[in-house]
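The values are calculated or read from the model by the stated rules, or taken from the named source; none is laboratory data. What you see is a predicted model, and the numbers here were worked out from it, not measured in a lab. All Cβ positions, glycine included, derive from the backbone under ideal geometry; neighbour counts span all protein chains shown.
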Amino acid sequence: MVVSAFGRTEQGGQVSRRTDRGEPPVLAASLWYDPGVSRHYSTVQYSLGPGPMTPGVKALLITNLAVYVLVFVAPRLTIYLGLTPGAVIESLWIWQPLTYMFVHRDLLHILFNMLALWMIGIDLERTWGTTKLVKYCLVTGAGAGLITVLVSLLPMTFAGPVYYSVTIGFSGAVYGLLLAFALYYPNRPMMFFPVPIPVPAKYFVLILGAIAFFSSLGASSNGVAHATHLGGLLVGWVYLMGSRPGGLVGEIKYRWTRFRMAQARKRFEVVQGRRPGGWNDRVH
């Protein structure tokens, strides 16, 4: 939320005072009346939400809403577009780890997912650009779907129901967005719904991850795909860490280059001549 007033602006937790005397801005501790400030009535403006819609977030919102209407008209499409690990493995419905994220059957489900996409995605798109945001959402969403398939194959009691369950929703990508938001804006306050308690983003995501982890170990998930949520966090972390300079991808490239150089050296062998002055006796 940005609060601005005539003659005063608030940015980064500090308030700057602008006088009518052409003096440079100085820091002020409060918004109380000051004779040095213009005596015109001040107007305070409140900005709710992240600001104007960005193209990447808009495209994702339209896609989710369009598929929601399509599935509402033809509910059986959930079977083909939703993620069922058994169908992916046995019937080779390999498109499901990508399409499931755009499928929603419940109005509240799509409402909260799209609200999170709007609130978080716009700030990230302004930082990354449209291409990286859309790519990140697709990677984290599809990666969360693949992790759900892998979890369903584990020889544990909680994994059995996942194998035959249908997973739908944009939640995997939303958890990936939450992780990115916490890394880029760690101290930005976020609130648990419906409890209006602001929590820094870095702790907010840790709490959500802990809840998803311990909930996934329970016998009943109450229809919530906790494995998918954890998958979104994990894939998001690997993606962001790997894209940093010197990150995971950089380390892999470095090791691969060293390996190729070592292989190239084996192709050359230098044999010193028996007589330093003898041209014919020196072999390379």
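Couple of notes before you dig in:
- Sole exception among (1) outside any helix (DSSP H, G or I); (2) touching a residue at least 40 places away in the same chain (Cβ under 8 Å) for P75, by number: (2)
- Those residues of the stretch 83-95 which are in a helix (DSSP H, G or I) and surrounded by fewer than 22 Cβ atoms within 10 Å (Cβ to Cβ), in sequence order: G86, A87, V88, I89, E90
- Of all the listed residues (R244, R275, R188, R282), the sole one being of a type outside the set (A, V, I, L, M, F, W, C), modelled with pLDDT under 70 and surrounded by 12 or more Cβ atoms within 10 Å (Cβ to Cβ) is R282.
- Test: residue in the stretch 126-136 that is surrounded by 15 or more Cβ atoms within 10 Å (Cβ to Cβ), in the same structural domain as T228 (by TED's automatic domain parsing) and not in a helix (DSSP H, G or I): no
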